[in-house]
Amino acid sequence: MAAHIIIATGKKGYMKRIHNAYQGDADLKLMSQVAGIEIMRRFIGLAQLPLERSLKEKSKLLKKARKLILAS
């Protein structure tokens, strides 16, 4: 869910809001990494979404995805 909200809005700040609203026990780092992988999967993987985004917008989202995956 977090990945799709980031794709829709372009803002990764929603990650913390989702994590804080979740009532169970969740690892924010792992959640960020999975969201980053999902974003990449949706842009360059087999499960691509038919989004109308410019190359610049896609590039920015892929850079955000990379940061989410490599965040420590």
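Within segment 9-52, the set of residues being surrounded by 10 or more Cβ atoms within 10 Å (Cβ to Cβ), in a loop (DSSP other than H, G, I, E, B) and hydrophobic (A, V, I, L, M, F, W, C) comprises Ala26, Leu49, Leu51.
In segment 62-71, which residues are part of a helix (DSSP H, G or I) and touching a helix residue (DSSP H, G or I) at 6+ places or on another chain (Cβ under 9 Å)?
Initial filter on segment 62-71 (part of a helix (DSSP H, G or I)): 62-70.
Once the filter is applied, which keeps residues that are part of a helix (DSSP H, G or I) and touching a helix residue (DSSP H, G or I) at 6+ places or on another chain (Cβ under 9 Å), segment 62-71 yields Leu62, Lys64, Ala65, Arg66, Lys67, Leu68, Ile69, Leu70.
Remark: Ser59 matches the filter, which requires a residue to be of a type in the set (Gly, Ala, Ser), surrounded by fewer than 17 Cβ atoms within 10 Å (Cβ to Cβ) and part of a helix (DSSP H, G or I).
Going by what's in this entry, would Ile6 be described as surrounded by 15 or more Cβ atoms within 10 Å (Cβ to Cβ), of a type in the set (A, V, I, L, M, F, W, C) and touching a residue at least 12 places away in the same chain (Cβ under 8 Å)?
Details: surrounded by 15 or more Cβ atoms within 10 Å (Cβ to Cβ): yes; of a type in the set (A, V, I, L, M, F, W, C): yes; touching a residue at least 12 places away in the same chain (Cβ under 8 Å): yes.
Taking the combined requirement at face value, the residue satisfies it.
Every number in this text was worked out from the coordinates using simple rules, so none of it is lab data. From a predicted model like this one, the values you see are computed outputs, not experimental measurements. Cβ: placed from backbone, ideal geometry, glycine included. Neighbour counts: every protein chain shown.
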